Amino acid sequence: MNRLPFGQKLVLITALASVTAWLLFGGALFYVSQQSIEEQVAEFDTSLAKDLMSKIDRSLFTAYQGIQVLSQDAKLKQLLLQPDGQRSEQSDYELSDHLEYLSLLTGPWRTVTVFDRRGRVVTSNMPLQAQQQLLSHPELEEALRVARGGAIYSSNLRLVGPDNAPSLIFAAPIKSQAVEGAEVLGVIVGQYAWTVINQILDRVNPKLSVQVIRDDGTVIATRSQSSQRIGNQAPAWARATALDNGVTALETSQHSDGLQIVARQNGYLSYEGKQWLLALQVPRSVTMAPVQALLGKLSLVALGGIVALCAVLYLASAYLTRPIKALSRAVESFSGGDISSRAPITSNDELADLGRTFNHMAEDIGFYIEELRENNREVRAFAYMVSHDLRSPLVNLQGFSSEIAYSLEELQPLLEPALTQLPDNDRREADEIVKRDIPEALQFIRSSVTRMDSQIQAVLTLSRMGRREMNWEEVDTQALVSNVLESLQHQLEAKDTEVTVDRLPVVEADAMALEQIFGNLVDNAVKYLDASPGHIEIWCTQERDKVTFHIRDNGPGIDPANVPKVFELFRRVGNTEVAGEGMGLAYVKTLVRRHGGRIQCKSQLGEGTHFSFSLARRPSALVRKFE
């Protein structure tokens, strides 16, 4: 993530924060909504259960009233008043059609049948089925008996026949007059069309389980497609409620498998019903469906909002970071050597102030760089001029001192006769001057000239190093260090020194310069070793923009106060008996700088010395115009 641009980081962090916030908010919303929506669903389904049972009650009450209306029909009374022999087949058909018409008006009837006082079938809207349907009902005789006594009879639901067909009958007396105590001419019996109950239940959501339960816990009605359940025992929870006569008219409860609702039959007016029970079970998937739908919609809205927010933030970050990127490019170009590089100023905000500050700083640095360039040119020219011009007097001094020595050798034989004429003291003094003092002075002049010539040559070499064209190439430092160690094999064996070299990389460098750097540092480490056995370690560390090499020994070390002086010209720190001019580390510093790097020295007396120098990854791309 550290390598991602700022805009992408902002978008990623915002997306993660938004998703986390939505998960927390969604969880809380889910919990609150679940409670609220489940309560609403429970309330709605409770109303549904009450409505279903109310429809069943109304249908049964319609049948209860309808059987009374049928018993008041005048044609039926006339039929029952006629002697048996006076009824023709034609009149029977007419009465059957009339009865069919009345059954359609008065209720949901499967069959409507008229019985005389002796319990014989007089007529029916479905004559062929009348005997079979009615005679198989267990409560038919009781119904005829009660109706002949002048009362209305309503049976319980019975399951008749081999297929357990539901059968419910209503019976009412047909009286000669609509007054109390009037003669009962016969009985009209209606078999309720139980499919009406199924049709009422069929309108319920198919995902809901709904059934009507008799007071003994038997299922007596359900959806049409679930009719095979009729006659079976209801679920334990519904059966227990059905058998508990003390239960209220309506019960609602939550269970792990969903919502369970129970509604009792209340009846209408003079018809109280049979205290049946309607059991409605709502699966949790149904109760949770509104919550899930709400969360789904909110999730889509949240996702769209997060995407829109990320897009806005990405565009905003691109807009806001544009001046930062421009400033970064200007800084990078400036650090690469293009001192004319400036940050563009396109606004008047804090970033613009930063850009102006950089531009002012760049102007000042550019001025000092130009001054430094000029000073470098002057120093190099002066160093070259001084070095070149000083060599001529040195050559003259060397020549004339040699001429004086040669002339002195020729002069000595000529002075011998004259010296013999001098007193002994004067002759000894003159002889000492000619044979000792003058040759010693000439020898001092010649050694000083040689030393000065060597130093001038070192300055010229350093000057040429700063101006030499570098030949950049890929250099295998592992092989280069091996070559350096091979060239120093004799010194290493003489000092009983072991060198440990880790795996070194291939770098872009000037091979000759890099060999001089390693050669000088390793040679110094070997020369100044005083411990036996000696140990030198060479390894490297790599970073994004540079490679750093390390050389550490177990030599005598350097006083920390003298460490800054090791890179100075003609400065020698440590054992001065070791041969050298004090220019090696100055050469190394110059060559490392030409590679876009830095060199450091860390040391403590008695703990050895640790040199480390870095090289730029692409030194050829660095514009070092001020060198």
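The values are calculated or read from the model by the stated rules, or taken from the named source; none is laboratory data. Quick caveat: nothing in here was measured; it's all calculated off a predicted structure. All Cβ positions, even for glycine, are placed from backbone atoms using ideal geometry, and neighbour counts span all protein chains on display. With ligands, DNA and RNA removed, areas are computed over all heavy atoms of the protein, side chains included. Shrake-Rupley method; radii C 1.70, N 1.55, O 1.52, S 1.80 Å.
Couple of notes before you dig in:
- Test: residue in the stretch 360-368 that is without any contact (Cβ under 8 Å) to a residue 12 or more places away in the chain, under 26 Å from Arg618 (Cβ atoms) and of a type in the set (Phe, Trp, Tyr): yes
- Condition check for Pro166: under 17 Å from Tyr64 (Cα atoms), of a type outside the set (S, T, N, Q), more than 60 Å from the chain's Cα centre (by Cα) and open to solvent by less than 50 Å² (accessible area, probe 1.4 Å): no
- Each residue in the stretch 471-490 was checked for being touching a helix residue (DSSP H, G or I) at 6+ places or on another chain (Cβ under 9 Å) and more than 15 Å from Phe518 (Cα to Cα), and 3 of them qualify.
- Restricting the stretch 341-355 to residues that are assigned to a loop (DSSP other than H, G, I, E, B) and open to solvent by 90 Å² or more (accessible area, probe 1.4 Å), the residue that is farthest from Leu327 (Cα to Cα) is Asn348.
- Residue tally, condition open to solvent by less than 70 Å² (accessible area, probe 1.4 Å) and either aliphatic (A, V, I, L, M) or closer than 22 Å to Val547 by Cα (or both), over the stretch 479-522: 26
- Residues of the stretch 461-493 classified as in contact with a Phe, Trp or Tyr (Cβ under 7 Å, 6 or more places away or on another chain) and either modelled with pLDDT under 85 or assigned to a loop (DSSP other than H, G, I, E, B) (or both), total: 3
- Residue in the stretch 423-433 that is out of contact with any Ser or Thr (no Cβ under 7 Å at 6 or more places or on another chain), at pLDDT 70 or above and not in a helix (DSSP H, G or I) present: yes
For (1) at pLDDT 85 or above; (2) touching a Leu at 6+ places or on another chain (Cβ under 9 Å); (3) not charged (D, E, K, R), each residue gets a yes or a no:
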{"site": "Ala586", "(1), (2), (3)": "no, yes, yes"}
{"site": "Thr590", "(1), (2), (3)": "no, yes, yes"}
{"site": "Thr609", "(1), (2), (3)": "yes, no, yes"}
{"site": "Arg617", "(1), (2), (3)": "yes, no, no"}
{"site": "Ala621", "(1), (2), (3)": "no, no, yes"}
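- Where strands (runs of 3 or more DSSP E) sit wholly within the stretch 174-286, those with at least 1 residues that are in contact with a helix residue (DSSP H, G or I) (Cβ under 9 Å, 6 or more places away or on another chain) and modelled with pLDDT of 85 or more occupy 184-192, 209-213, 219-222, 277-283.
- For the stretch 523-547, a tally of residues being open to solvent by 20 Å² or more (accessible area, probe 1.4 Å) and closer than 22 Å to Val475 by Cα returns 10.
- Criterion: in contact with a Lys or Arg (Cβ under 7 Å, 6 or more places away or on another chain) and surrounded by 13 or more Cβ atoms within 10 Å (Cβ to Cβ) - qualifying residue of Ala326, Ala330, Ala318: Ala330
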